[in-house]
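Peer 1: Just dropping this structure here.
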Amino acid sequence: MDKFIIHGGKKLNGSVRISGAKNAALALMPATLLASGKYEFTNTPDLRDVTSMAKLLQTTGADVVRNAHSLSINTFRVNKFEAPYEHVKKMRASIYVLGPLIARYGYAKVSLPGGCAWGPRPVNLHIEGIRKLGAAVKLESGYIVAKAKRLKAAKIAFDVSSVGATGNVLMAAVLARGTTVVENAAKEPETEALARFLVKMGAKVEGIGTNHLEIEGVDALHPVNEEMIPDRIEAGTFLVAGALAGGKIKVTHCNPLQLTAVLTKLEESGASVKIDGDTIELRAPRNIKPVNVTTAAYPGFPTDMQAQWIALMSLCTGSAVVTDAIYFDRFKHVPEMIRLGADITLNENAAVVQGVKKLKGAKVMSTDLRASASLILAGLVAEGTTEVLRVYHLDRGYEHIEKKLQSIGADIKRVSGQEY
Ligand code: UD1
């Protein structure tokens with residue numbers, strides 16, 4: 001397992017190009033199961049989760065070829081309608097094959113994902129949604145087994161707004177008979193990107209980008225090519241790095257409109273933010289002001305930025321409360337951050353962060369994707385040397401993070417497992 005060694009205290013200055021969005025790629029790739037043929041994607045991020053999804057699609061019989069940021073998927077030979085445990089345990093987004101497989105082939109067997117590093121992450125809404133669309137669903141030996149002749153439209157009102165369940169229901173309903181209505185649908189940009197992709201394939205979807213979707217089922221879809229949207233969480237992470245350790249940094253090739261909540265909070269913390277087309281320039285605050293955040297579904301402050309925000313607030317000039325209203329247990333980074341000298345008290349799903357004057361380097365353990373990112377951010381400003389162990393989590397969702405950070409002045413290097 002690789003680790004990162006960071007010598008803190010270097011100012012960040014310069015420009016970082018943002019990659020394609022992991023969560024869009026993970027939704028669009030399984031959508032190719034909805035129509036046989038060849039698809040070409042550009043701006044696909046080079047990430048371990050994308051590799052995992054590619055492998056999963058290969059097990060169904062699809063041909064997948066990757067070349068840098070181009071991804072070609074041919075679903076002509078798909079003949080196995082399963083997502084085995086070995087794949088799903090590595091990546092929960094594997095459950096995205098449920099909707100397209102049941103809609104197109106009338107059968108899907110998908111392993112239940114089980115727990116996640118930071119706590120329970122149920123899939124009841126996915127199952128209920130598919131059931132409402134007329135599939136017979138059983139849970140058997142750790143698998144969701146769904147069968148249907150042809151799905152039928154339904155009215156689905158989600159109790160909780162869920163990105164994954166909305167995606168699965170969308171992918172199932174596009175081939176169902178009749179018009180499906182989804183209330184309290186997720187409207188995250190990655191869900192919107194999925195809906196637009198489906199429309200390009202011939203689906204009929206109204207209300208894209210809102211909480212109310214109407215999906216008129218069609219008999220067949222066709223393959224198309226698509227460019228992945230930019231990764232708003234990667235952009236947000238680099239902007240927080242800039243606010244903590246800049247200088248002046250620019251993130252390019254992103255969509256600033258999808259980052260409004262994060263940019264507003266960054267400005268409240270004292271950073272100055274300028275938007276120019278697809279580029280955001282951020283000048284770090286002289287002193288980081290305390291800013292409370294509560295995570296919420298889009299367009300609220302993303303839960304995927306909560307850990308990074310705690311890293312920023314660890315050096316604020318007061319006290320800030322960071323509440324996660326989406327995932328109540330998502331705080332595995334807090335004890336590690338405390339090892340770096342942060343002053344944080346956890347109170348249920350709220351972290352009370354009392355700003356300290358400085359952090360001090362230490363060995364810390366990365367536990368999940370965004371937690372790992374927050375530890376790197378803290379390491380960039382900690383005095384001395386920080387070692388972030390088990391960085392394979394990071395490789396799931398950040399493309400060449402150390403190279404991008406080096407390019408703007410950070411002293412960070414990857415040491416591969418064999419070298420220590
Ligand atoms: C997606 C993102 C993840 C992000 C999360 C919330 C992908 C691949 N992952 O995950 O990065 O952190 O959205 O923005 O896009 N819930 C249920 N029952 C369900 C499903 C979800 O109760 O069947 C709850 C969850 O526990 C959570 C909330 O709904 O409290 C939102 O989760 P959801 O949007 O489904 O997250 P994911 O799609 O798994």
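The values are calculated or read from the model by the stated rules, or taken from the named source; none is laboratory data. Every value quoted in this text rests on a predicted model; they were computed, and no experiment measured them. Heads up, the Cβs are rebuilt from the backbone with ideal geometry, glycines too, and the neighbour counts pull from every protein chain shown. Ligands, DNA and RNA are stripped out before the accessible areas are found, and what is left, the full protein with its side chains, is counted by its heavy atoms. Shrake-Rupley method; radii C 1.70, N 1.55, O 1.52, S 1.80 Å.
Peer 1: When you look at F301, is it in contact (Cβ under 8 Å) with a residue 24 or more places away in the chain, within 16 Å of the ligand (Cβ to nearest atom), under 20 Å from I18 (Cβ atoms) and not aliphatic (A, V, I, L, M), yes or no?
Peer 2: Yes, satisfied.
Peer 1: Can you name the number of the only condition in (1) under 21 Å from A371 (Cβ atoms); (2) open to solvent by 20 Å² or more (accessible area, probe 1.4 Å); (3) among the hydroxyl-bearing types (S, T, Y) that S272 fails?
Peer 2: Of everything listed in (1) under 21 Å from A371 (Cβ atoms); (2) open to solvent by 20 Å² or more (accessible area, probe 1.4 Å); (3) among the hydroxyl-bearing types (S, T, Y), S272 misses just condition (1).
Peer 1: Looking for whichever is at pLDDT 95 or above, in contact with a Lys or Arg (Cβ under 7 Å, 6 or more places away or on another chain) and either among the aromatic types (F, W, Y) or farther than 23 Å from T295 by Cβ (or both) here; the options are G341, G361. Which one fits?
Peer 2: Exactly one residue qualifies, and that residue is G341.
Peer 1: Which one of the conditions (1) within 15 Å of the ligand (Cβ to nearest atom); (2) crowded, with 18+ Cβ neighbours inside 10 Å does K89 fail to meet, given that it meets all the rest?
Peer 2: (2)
Peer 1: Any residue in the range 377-387 that is open to solvent by 30 Å² or more (accessible area, probe 1.4 Å), free of Cβ contacts under 8 Å to residues at least 40 places away in the same chain and out of contact with any helix residue (DSSP H, G or I) (no Cβ under 6 Å at 6 or more places or on another chain)?
Peer 2: Within the range 377-387, none of the residues are open to solvent by 30 Å² or more (accessible area, probe 1.4 Å), free of Cβ contacts under 8 Å to residues at least 40 places away in the same chain and out of contact with any helix residue (DSSP H, G or I) (no Cβ under 6 Å at 6 or more places or on another chain).
Peer 1: Hey, can you tell me all the residues within the range 134-161 that are without any contact (Cβ under 8 Å) to a residue 40 or more places away in the chain, closer than 18 Å to P113 by Cβ and among the aliphatic types (A, V, I, L, M)?
Peer 2: Result: V137, L139, V145, V160.
Peer 1: Suppose we filter L34, L71, L47 for residues that are away from the ligand (no atom under 16 Å from the Cβ), within 30 Å of Q406 (Cβ to Cβ) and open to solvent by less than 50 Å² (accessible area, probe 1.4 Å); which single one remains?
Peer 2: L71
Peer 1: Would you confirm, using the coordinates I've provided, whether M228 is among the aliphatic types (A, V, I, L, M), open to solvent by less than 20 Å² (accessible area, probe 1.4 Å), within 16 Å of the ligand (Cβ to nearest atom) and modelled with pLDDT of 95 or more?
Peer 2: yes
Peer 1: Given the residues L259, L266, which is the only one that is away from the ligand (no atom under 16 Å from the Cβ), buried (at least 24 other Cβ atoms within 10 Å of the Cβ) and free of Cβ contacts under 8 Å to residues at least 40 places away in the same chain?
Peer 2: Result: L266 is the single residue among L259, L266 that is away from the ligand (no atom under 16 Å from the Cβ), buried (at least 24 other Cβ atoms within 10 Å of the Cβ) and free of Cβ contacts under 8 Å to residues at least 40 places away in the same chain.
Peer 1: Out of curiosity, is E190 away from the ligand (no atom under 14 Å from the Cβ), within 26 Å of the chain's Cα centre (by Cα) and not small (G, A, S)?
Peer 2: no
Peer 1: So, one more: Considering only the range 131-182, state which residues are away from the ligand (no atom under 11 Å from the Cβ) and in a helix (DSSP H, G or I).
Peer 2: R131, K132, L170, M171, A172, A173
Peer 1: Restricting to the range 351-361, count the residues that are closer than 26 Å to R390 by Cα and surrounded by fewer than 19 Cβ atoms within 10 Å (Cβ to Cβ).
Peer 2: 2
Peer 1: Could I ask something else about it? Tell me yes or no: at least one residue of the range 270-283 is within 16 Å of the ligand (Cβ to nearest atom) and modelled with pLDDT of 95 or more.
Peer 2: Taking every residue of the range 270-283 in turn, none turns out to be within 16 Å of the ligand (Cβ to nearest atom) and modelled with pLDDT of 95 or more.
Peer 1: Name every residue in the range 164-202 that is among the aliphatic types (A, V, I, L, M) and open to solvent by 10 Å² or more (accessible area, probe 1.4 Å), in order of residue number.
Peer 2: L175, V181, A193, V199
Peer 1: Now for a different question. Restricting attention to the range 157-207, report how many residues are polar (S, T, N, Q) and at positive phi.
Peer 2: Of the residues in that region, 1 qualify.
Peer 1: Working only within the range 193-209, note down all residues that are without any contact (Cβ under 8 Å) to a residue 40 or more places away in the chain and within 16 Å of the ligand (Cβ to nearest atom).
Peer 2: A195, R196, G209
Peer 1: Shifting gears a bit: If E82 satisfies all but one of (1) open to solvent by 10 Å² or more (accessible area, probe 1.4 Å); (2) within 16 Å of the ligand (Cβ to nearest atom); (3) in contact with a strand residue (DSSP E or B) (Cβ under 7 Å, 6 or more places away or on another chain); (4) not basic (K, R), what's the number of the condition it fails?
Peer 2: The single condition E82 does not satisfy is (2).
Peer 1: In the range 284-291, is there at least one residue being more than 14 Å from the ligand (Cβ to nearest atom), open to solvent by 10 Å² or more (accessible area, probe 1.4 Å) and farther than 17 Å from A245 by Cβ?
Peer 2: yes
Peer 1: With respect to V182, determine if the residue is farther than 29 Å from R150 by Cα and in contact with a strand residue (DSSP E or B) (Cβ under 7 Å, 6 or more places away or on another chain).
Peer 2: No.
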